[in-house]
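Below is one structure; the comments refer to it alone.
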Amino acid sequence: MRPSTIKYYLKEGLSGLRKNLLMTMASIIAVMACISIMSFSYCVASNLHHILQQMEDSIGISVFIGGTPTSEEIEEMKTQISKIDHVLEVRYISPGDALEELKADWGAEEDIFEGLDETNNPLSHSFQITLDEIESQDSVLQALKGIDGIDNIRHGQTETELIMKANKVFNIAGFLVMLILGVISVMIIMNTIRISVVNRRVEINIMKYVGATDWFIRWPFIIEGVIIGVVGALLPLIIGIPIYAKIISALYNYFPVIKIIQFRLVGDIFIVLFPVALAFGILLGTIGSVTSIRKHLRV
Amino acid sequence: MIWLNNVTKTYPNGSRGVENLNLHIEKGDFVFIVGSSGSGKSTLIKLLLKELEPTTGDIIINRVKTNELSSNQIPYLRRNLGVVFQDFRLLPNKTVYENVAFAMRVIEAPNRIIRRNVPAVLALVGLGKKGRSYPNQLSGGEQQRTALARAIVNNPPILICDEPTGNLDPETAWGIMQLLDDINKRGTTIVMATHARDIVDDMQKRVVTLKQGNIARDIKKGGYCDEA
Ligand SMILES: Nc1ncnc2c1ncn2[C@@H]1O[C@H](COP(=O)(O)OP(=O)(O)OP(=O)(O)O)[C@@H](O)[C@H]1O
Ligand SMILES: [Mg+2]
C-alpha cells in the first residue's frame with residue numbers, strides 16, 4: 001500500500017466522520033461509556049486482588065497439634081502438610097517459640113506471663129502455613145482436615161471469602177454492563193457507517209466505474225469505525241488517570257487506617273488498561289463498520 | 001477488441017433488454033449505437049461495463065471473456081473502459097481538477113503521475129484554466145468535458161458513452177463530438193449510444209441500429225437510419 005493511499009483512506013475516513021458529526025459523536029460516546037465501565041471494573045477488581053495479595057502475606061493458616069508429639073511425629077506431619085497443593089511454606093512453632101512470640105507481641109505487659117516456663121507452658125505445638133494464593137485456602141483446609149493429630153485450625157477465611165465474593169460479583173456485573181454497552185456501541189457505529197455509505201453513494205458509484213477495487217472502496221469506512229473506537233477508548237483513559245489518582249489520595253486522606261494496605265499505582269493500572277482499552281475500542285469500531293459495510297455497501 | 005457472441009439479456013421481470021446480439025468492434029473503431037427509445041442501447045452499454053450480466057452468450061473485451069470474470073477482477077476490466085454518461089456524474093464538492101484526479105487516485109496512481117497527467121488531459125478537453133472551478137460553476141458543456149477528461153485520464157483503450165450529448169445544446173454537443181473524434185484519432189476505440197440524428201449524420205462513422213433488442217442494421221460508414 002502506498003503512503004499516499006493510506007493518507008487518502010485517513011482523509012476520506014475523517015471527512016466521512018465530519019460530514020456526519022452528530023452520529024459520530026453518538027458513536028464515540030457509546031464507546032466511551034463501554035470503555036469507562038471496563039476501566040472502572042478493572043480498577044476495582046485489580047485493587048481488590050492487590051489487597052487480597054497483601055493479606056495473604058499476613059494471614060496464612062495456623063494448625064495446632066494436641067498433646068505432646070514426638071519430634072518424629074512433628075517431622076512426619078510437616079512433610080504431609082508440605083505435600084498439599086498450593087502450600088508454599090510450613091514453619092514449625094514449638095510451645096516455647098509461641099510463648100516468646102506472645103511475650104514480644106504484648107511488649108511492656110509481658111509480666112502477665114510471669115511464671116510460665118517449659119514445664120508448665122499451656123501453649124500447643126503448631127505449624128504456620130503460607131499459601132501461594134489465597135483463593136486456594138478452601139482446598140488446603142479440606143486437605144488439612146484429613147491429617148491425623150491436628151487439634152485445631154485457625155485462618156482468616158471469613159474476611160478473605162467476603163472480599164473474594166465481592167470481587168466475583170463485581171466482576172460479573174461489570175462484564176455484563178460492558179457487554180451490553182459494547183453491543184449498543186456496535187449498533188450505533190453500524191448506523192453511523194450506514195449513513196456515511198449513503199452519503200457517498202454517488203462517489204462509490206463513480207469509483208466503481210473507474211475501476212477502484214472493492215477494498216479500496218471499503219477501507220475509508222473501516223477507518224471511520226477505527227477512529228471512533230480509538231477516540232472512544234482514549235478519552236475515558238485520559239480523563240480517568242487524574243480521577244483515579246485523586247480517588248486514591250482522597251481514600252488515604254480521609255481514612256488514615258487504610259494506610260496499612262496499599263492501592264495499585266496509577267502507572268501499574270494504566271499500563272495494562274491502555275493497550276487493552278485501545279484494542280477493545282478498535283475491535284468495537286471494526287466490528288461495527290465491517291458489519292455495516294457487509295450489509296449496506298454492495299461493491 | 002470487443003466481441004459479443006449470441007448475447008441475450010432478459011431482465012428479472014421478464015422484459016427483454018437485448019436479444020441474440022452478435023457484434024464485433026475492432027480496435028480504433030468509432031461506433032454509434034442508435035435506435036428508438038427502449039430498443040436496448042443502454043442495456044448493451046451496461047453489458048459492456050459489466051454492470052449487467054448477460055442471460056446467455058459471451059462478451060469478450062481485450063481477449064477476456066468478461067462474463068466469466070470473478071467479482072474481484074471486475075475493477076481491472078473497468079480500467080480498460082472509460083465511461084461518460086448523459087448526466088455527467090461529477091462530484092459537486094470537488095473541483096474540476098480533483099474530479100479528474102479522483103479517477104487516478106482510486107486506482108492508486110502515484111501522485112507524481114497524477115500531477116503530470118491531470119493538467120495535460122484538462123488542457124486536451126479545453127479546460128486548462130478551469131481546474132479550480134466547482135461543477136456548479138461550469139456550463140453543461142464544460143461539465144461534460146470534465147467527465148470526459150475523467151474518463152480518459154487513465155488512458156483506457158476503450159471509451160464508452162451513453163448519450164453524452166443528451167443534455168447539451170447542439171453547438172456544445174458538437175464541441176464534445178470534436179473532442180471524441182480527436183480522442184478516437186489517438187487510437188481509442190469509442191462506442192457511443194445516441195439519439196442525436198444530426199451528429200450521426202455528420203460524423204459518418206460506423207452505425208449499429210438496434211430495434212427491439214436486435215441489430216436491425218450495421219453499416220461501416222453512414223448516417224442515422226429511420227426505418228429501424
Ligand atoms: N432495470 C430494468 N428492469 C427491467 N427492464 C428494464 C430495465 N432496464 C431496461 N429495461 C427494459 O429493457 C428494454 C431496453 O431498455 P434500454 O434502457 O436498454 O433502452 P434504450 O435503448 O437505452 O432507451 P432510451 O433511448 O430511452 O435510453 C426496455 O424495454 C426497458 O423497459
Ligand atoms: Mg438509454
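The values are calculated or read from the model by the stated rules, or taken from the named source; none is laboratory data. The shown structure was predicted, so the numbers you read here are calculated from the model rather than taken from an experiment. Here the Cβ positions follow ideal geometry from the backbone for every residue, glycine too, while neighbour counts run over all protein chains shown.
Among A:LYS246, A:LYS295, which is the only one that is loosely packed, with under 13 Cβ neighbours inside 10 Å and within 30 Å of A:ARG194 (Cα to Cα)?
A:LYS295
Tell me, which residue of region B:40-59 that is near ligand 1 (Cβ under 8 Å from one of its atoms) and charged (D, E, K, R) is farthest from B:ASN20 (Cα to Cα)?
B:LYS46
So, A:ARG194, is that one assigned to a helix (DSSP H, G or I), more than 14 Å from chain B (Cβ to nearest Cβ), touching a residue at least 12 places away in the same chain (Cβ under 8 Å) and among the charged types (D, E, K, R) or not?
Yes; evaluated as a whole, the condition is true for this residue.
Of B:SER42, B:SER15, which residue is of a type outside the set (A, V, I, L, M) and more than 18 Å from the chain's Cα centre (by Cα)?
Of B:SER42, B:SER15, the one residue that is of a type outside the set (A, V, I, L, M) and more than 18 Å from the chain's Cα centre (by Cα) is B:SER15.
Go through region B:29-63 and give me each residue that's more than 16 Å from ligand 2 (Cβ to nearest atom), within 14 Å of chain A (Cβ to nearest Cβ) and touching a Leu at 6+ places or on another chain (Cβ under 7 Å).
B:LYS50, B:ILE61
Yes or no: B:ARG206 touching a residue at least 12 places away in the same chain (Cβ under 8 Å), within 14 Å of chain A (Cβ to nearest Cβ) and not small (Gly, Ala, Ser)?
Spelling it out, it is not the case that B:ARG206 is touching a residue at least 12 places away in the same chain (Cβ under 8 Å), within 14 Å of chain A (Cβ to nearest Cβ) and not small (Gly, Ala, Ser).
Exactly one condition in (1) in contact with a helix residue (DSSP H, G or I) (Cβ under 8 Å, 6 or more places away or on another chain); (2) part of a helix (DSSP H, G or I) is not met by A:PRO275; state its number.
The one condition A:PRO275 does not meet is (1).
Restricting to region B:200-228, what's the tally of residues that are under 20 Å from B:VAL7 (Cβ atoms), crowded, with 21+ Cβ neighbours inside 10 Å and within 16 Å of ligand 2 (Cβ to nearest atom)?
4
So is A:ILE238 crowded, with 16+ Cβ neighbours inside 10 Å, in the same structural domain as A:ILE184 (by TED's automatic domain parsing), out of contact with any Gly (no Cβ under 6 Å at 6 or more places or on another chain) and without any contact (Cβ under 8 Å) to a residue 12 or more places away in the chain or not?
no
Which of the residues spanning region B:19-36 are more than 18 Å from the chain's Cα centre (by Cα) and either within 16 Å of ligand 1 (Cβ to nearest atom) or closer than 19 Å to B:VAL84 by Cβ (or both)?
Scanning region B:19-36 gives B:GLU19, B:ASN20, B:LEU21, B:SER36.
Among the residues of region B:77-111, which ones are part of a helix (DSSP H, G or I), at the interface with another protein chain (Cβ under 10 Å from one of its Cβ atoms) and either among the basic types (Lys, Arg) or more than 22 Å from B:ASN184 (Cα to Cα) (or both)?
Hits for region B:77-111 are B:ARG78, B:ASN99, B:PHE102, B:ARG105, B:ASN111.
Among what's in region B:184-199 and is modelled with pLDDT of 95 or more and of a type in the set (A, V, I, L, M, F, W, C), pick the residue that is nearest to ligand 2 (Cβ to nearest atom).
Filtering first and then ranking leaves B:ALA193.
Residue check, B:ILE61 against (1) among the aliphatic types (A, V, I, L, M); (2) crowded, with 20+ Cβ neighbours inside 10 Å; (3) more than 19 Å from the chain's Cα centre (by Cα), all met but one. Which one?
Of everything listed in (1) among the aliphatic types (A, V, I, L, M); (2) crowded, with 20+ Cβ neighbours inside 10 Å; (3) more than 19 Å from the chain's Cα centre (by Cα), B:ILE61 misses just condition (3).
Return the residues of region A:185-203 that are more than 44 Å from the chain's Cα centre (by Cα), charged (D, E, K, R) and farther than 15 Å from B:MET104 by Cα; say none if nothing qualifies.
Hit for region A:185-203 is A:ARG201, nothing else.
Do any strands (runs of 3 or more DSSP E) lying entirely in region B:118-228 carry at least 1 residues that are in contact with a helix residue (DSSP H, G or I) (Cβ under 8 Å, 6 or more places away or on another chain), and which ones are they?
Answer list for region B:118-228: B:158-162, B:189-193, B:205-211.
Taking the condition modelled with pLDDT under 95 and closer than 30 Å to B:ARG89 by Cα, does A:GLY211 pass?
yes
Select, from A:ILE153, A:ILE206, the only residue that is among the β-branched types (Val, Ile, Thr), more than 26 Å from the chain's Cα centre (by Cα) and over 25 Å from A:ASN20 (Cα atoms).
On inspection, the qualifying residue turns out to be A:ILE153.
Cβ-Cβ below 8 Å, separation at least six or inter-chain, first residue in region B:152-167 and touching a residue at least 12 places away in the same chain (Cβ under 8 Å) and within 12 Å of chain A (Cβ to nearest Cβ), second of a type in the set (Asp, Glu) and within 12 Å of ligand 2 (Cβ to nearest atom): which pairs?
none
Looking for something within 14 Å of chain A (Cβ to nearest Cβ), within 14 Å of ligand 2 (Cβ to nearest atom) and crowded, with 17+ Cβ neighbours inside 10 Å - is there at least one such residue anywhere in region B:17-28?
Within region B:17-28 (the criterion being within 14 Å of chain A (Cβ to nearest Cβ), within 14 Å of ligand 2 (Cβ to nearest atom) and crowded, with 17+ Cβ neighbours inside 10 Å), the answer is no, since none of the residues qualifies.
I need the full set of residues from region B:195-218 which are of a type in the set (Val, Ile, Thr) and either touching a Phe, Trp or Tyr at 6+ places or on another chain (Cβ under 6 Å) or on the phi > 0 side of the Ramachandran plot (or both), in order please. Quick ask: steps written out before the conclusion?
Taking region B:195-218 first, the residues of a type in the set (Val, Ile, Thr) are B:199-200, B:207-209, B:215.
Answer for region B:195-218, where residues must be of a type in the set (Val, Ile, Thr) and either touching a Phe, Trp or Tyr at 6+ places or on another chain (Cβ under 6 Å) or on the phi > 0 side of the Ramachandran plot (or both): B:VAL200, B:VAL207.
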